[in-house]
């Protein structure tokens, strides 16, 4: 009898466990605001990108450069340091910003970091393996006039079950030749969380 009760208990626990493991997935519009945890999310990234795009293109630095040099300014994206209390993928809002730069057409954008190094490795490989007529030449890269850099910071304040999280994203654009800062933009986000 003990073994039968033990068997029934195991079967019951298995049924309960299997029922507890089920979940459902529902696809939603990527622009839908979802705040499940209170941490940085896709909505924050999108709001940041939109604010930076509006601020960057609403400023006269690019027009002033083009009038002085008779050519569109060239930008390279440098480091965006995450100094916040959580993991934040800065690449999501940076890609939105880069896309806006390219689509706008008033500013030129060059590759940076690992992608630039990959292009250089490809060019080096072409010197050895491609026909001389199609191999891309060294020393023809477009030099950037400006570098975009920035930081993501956060402040967390909490008491009992309430928590306020403040994020501030600061970007600045510097003239590579002179180190002059020609544009600064920021986006502030504050969330109230009750656990």
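The values are calculated or read from the model by the stated rules, or taken from the named source; none is laboratory data. Everything numeric here is computed off the predicted structure, so don't read it as measured data. Virtual Cβ from ideal backbone geometry, glycine too; neighbours counted across all protein chains shown.
Yes/no per residue for (1) in contact with a helix residue (DSSP H, G or I) (Cβ under 7 Å, 6 or more places away or on another chain); (2) assigned to a loop (DSSP other than H, G, I, E, B):
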{"residue": "164", "(1), (2)": "no, no"}
{"residue": "179", "(1), (2)": "no, yes"}
{"residue": "183", "(1), (2)": "yes, no"}
{"residue": "189", "(1), (2)": "yes, no"}
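Residue by residue through region 69-90, note down the ones that are part of a loop (DSSP other than H, G, I, E, B) and either surrounded by fewer than 20 Cβ atoms within 10 Å (Cβ to Cβ) or under 11 Å from the mean Cα position of the chain (by Cα) (or both). Of everything in region 69-90, those that are part of a loop (DSSP other than H, G, I, E, B) and either surrounded by fewer than 20 Cβ atoms within 10 Å (Cβ to Cβ) or under 11 Å from the mean Cα position of the chain (by Cα) (or both) turn out to be 70, 71, 72, 83, 85, 86, 87, 88, 89, 90.
Per the listing 109, 97, the residue uniquely in contact with a helix residue (DSSP H, G or I) (Cβ under 6 Å, 6 or more places away or on another chain) and modelled with pLDDT of 95 or more is 109. Scanning for something touching a residue at least 24 places away in the same chain (Cβ under 8 Å), loosely packed, with under 14 Cβ neighbours inside 10 Å and on the phi < 0 side of the Ramachandran plot, does region 118-128 turn up at least one residue? Looking through region 118-128, none of the residues is touching a residue at least 24 places away in the same chain (Cβ under 8 Å), loosely packed, with under 14 Cβ neighbours inside 10 Å and on the phi < 0 side of the Ramachandran plot.
Scanning region 8-37 for residues that are assigned to a helix (DSSP H, G or I) and modelled with pLDDT of 70 or more turns up just one, 10.
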